[in-house]
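Notes for the one structure printed next.
The values are calculated or read from the model by the stated rules, or taken from the named source; none is laboratory data. These numbers come from a predicted model, not from an experiment. Reconstructed Cβ throughout: ideal geometry from the backbone, glycine too, with neighbour counts over all protein chains shown. Ligands, DNA and RNA are stripped out before the accessible areas are found, and what is left, the full protein with its side chains, is counted by its heavy atoms. Shrake-Rupley method; radii C 1.70, N 1.55, O 1.52, S 1.80 Å.
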Amino acid sequence: MTSQPSVALPVASAHPPVLVAPSRVVSSCETPRYPPASMRLREEGVVTLKFLISENGQVLSGSVEKSSGYKRLDDAALAALSLCKFKPATVDGRPRQDWSALNYRWKMDE
């Protein structure tokens with residue numbers, strides 16, 4: 001008689017994991033300062049930023065996904081993003097790193 005080793009098979013979860021996307025803590029983000037040269041030149045536009053948020057809600061890295069058309073505006077938005085705090089993404093209530101995106105509109109007050 002031979003014995004066979006027991007093999008643990010993965011057990012399917014009764015429900016799919018609950019995924020929650022990261023979200024910005026609004027009170028932690030200051031509005032980026034309009035670059036003085038951009039104000040003089042009346043530069044406006046929308047920049048889309050893509051960034052990685054840690055399990056602690058810190059921005060680990062970021063980049064410009066779509067430019068406003070003006071490097072000064074893109075750089076100012078990216079610099080301000082690093083000062084923001086986020087609620088991290090979660091899977092079944094446990095925090096995890098995840099990517100997020102944010103649009104920032106640069107518009108001159110008339």
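Assuming 0.36 nm per residue, please report the length gained on full extension of the stretch L60 to M108 beyond their Cα-Cα distance.
Extra length from L60 to M108 when fully extended: 14.3 nm.
Express the carbon and sulfur contribution to the solvent-accessible surface of region 39-110 as a percent, rounded to the nearest whole number, probe 1.4 angstrom.
Ligands and nucleic acids excluded, carbon and sulfur reach 50 percent.
Kindly rank 58-65, 73-80 from highest to lowest mean number of other beta carbons found within 10 Å of each residue.
73-80, 58-65
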Practice task
Please work out whether region 13-104 counts as rounded, prolate or oblate from its C-alpha gyration tensor, where a ≥ b ≥ c are the square roots of the eigenvalues and a/c under 1.5 means rounded, while otherwise a/b larger than b/c means prolate and anything else oblate?
Solution key: prolate
Practice task
Go through region 92-102 residue by residue and turn each phi into a ³J(HN,Hα) via Karplus (6.51, -1.76, 1.60, θ = phi - 60°); whole Hz please, and just put x for glycine and proline.
Solution key: 6, x, 9, x, 8, 5, 7, 8, 9, 9, 8
Completion exercise
Taking a label point 7 Å from the Cα of E30 along Cα-to-Cβ, the residues of region 77-107 whose backbone nitrogen sits under 15 Å from it are 77-85
Practice task
Name the long-range amide H neighbours of D98: under 5 Å, sequence gap of 5 or more, or other chain; modelled H, no Pro or chain starts.
Solution key: I53, A89
